[in-house]
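Structure first, commentary second.
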Amino acid sequence: MITAIEKKIAAGQPLDRRDALFLLSDVDLLTLGKLADAVRRRMHPQGCVSFVVDRNVNYTNICTTKCKFCAFYRDEMHPDAYLLSYTQIANLC
Ligand code: SF4
């Protein structure tokens, strides 16, 4: 199946849901990266590479849900509890 997907990618054809599920569940990360790079090279033959800088600001670790698996949350009065101000959040960006 990977060969069929490689051919589709080389021909610039869209992948379908079955292809996507196969890539998600059965293909190792390096192969997936190689296929993604092939698409990038086809779409940007001049060698342009870009990336997205994403931020997920954890403005507090105070949480009342208390999921059993969670090592992040703190009760409000815990010495490690924090709540960032708007100014502090703005200074992170
Ligand atoms: S995972 Fe942690 S921070 Fe998230 S809701 Fe559960 S206890 Fe709260």
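The values are calculated or read from the model by the stated rules, or taken from the named source; none is laboratory data. Given the structure is predicted, the values throughout are model-derived calculations rather than measurements. As a convention, Cβ positions derive from the backbone with ideal geometry for all residues, glycine included, and neighbour counts pool all protein chains shown. These accessible areas exclude ligands, DNA and RNA; they are computed on the full protein's heavy atoms, side chains included. Shrake-Rupley method; radii C 1.70, N 1.55, O 1.52, S 1.80 Å.
Note that region 2-43 presents 77 Å² accessible area per residue, ligands and nucleic acids not counted, probe 1.4 Å.
At a 1.4 Å probe, what is the % contribution of carbon and sulfur to the accessible area of the chain?
Of the solvent-accessible surface of the chain, carbon and sulfur hold 59 percent.
Is region 2-43 best put as rounded, prolate or oblate by its Cα gyration tensor, with a ≥ b ≥ c the root eigenvalues, rounded for a/c under 1.5, and otherwise prolate when a/b is larger than b/c, oblate when not? Here region 2-43 falls in the oblate category. Which of the cysteines in the chain are isolated, no other cysteine C-beta under 4.7 Å? Lone cysteines by the Cβ rule: Cys48, Cys63, Cys93. A cut-off under 11 angstrom between Cβ atoms defines the neighbours of Lys34, and their net charge, with Lys, Arg +1 and Asp, Glu -1, is -1. Between Ile5, Leu23, Val39, the Cα set farthest toward the positive side of the dipole of region 2-43 (charges on each charged residue's Cβ, about the Cα centre) is that of Val39.
With +1 on the Cβ of every Lys and Arg and -1 on the Cβ of every Asp and Glu, and nothing else charged, how large is the dipole of the chain about its Cα centre, in debye rounded to the nearest 20?
Dipole magnitude for the chain comes out near 340 debye.
If only the Cβ of Lys and Arg carry +1 and only the Cβ of Asp and Glu carry -1, the dipole of region 52-93 around its Cα centre is close to 120 debye. Surface exposure of region 52-93, expressed per residue as accessible area with a 1.4 Å probe, stands at 93 Å².
Just order 65-74, 37-46 by mean Cβ neighbour count inside 10 Å, highest at the front, would you?
37-46, 65-74
A simple spin-label model places pseudo-atoms 7 Å from Cα toward Cβ; at Asn56 and His78 they are separated by 1.8 nm.
Label separation (Leu24 vs Cys63): 2.4 nm, computed from points 7 Å beyond Cα along the C-beta direction. Kindly express, to the nearest 10 degrees and within the range 0 to 90, the angle between helix 2-11's C-alpha long axis and the longest C-alpha principal axis of the chain. Between helix and principal axis, roughly 80 degrees.
Around the amide H of Ile62, modelled in the peptide plane, lie the amide H atoms of Arg74, Tyr82, all under 5 Å away and 5 or more residues distant in sequence or on another chain.
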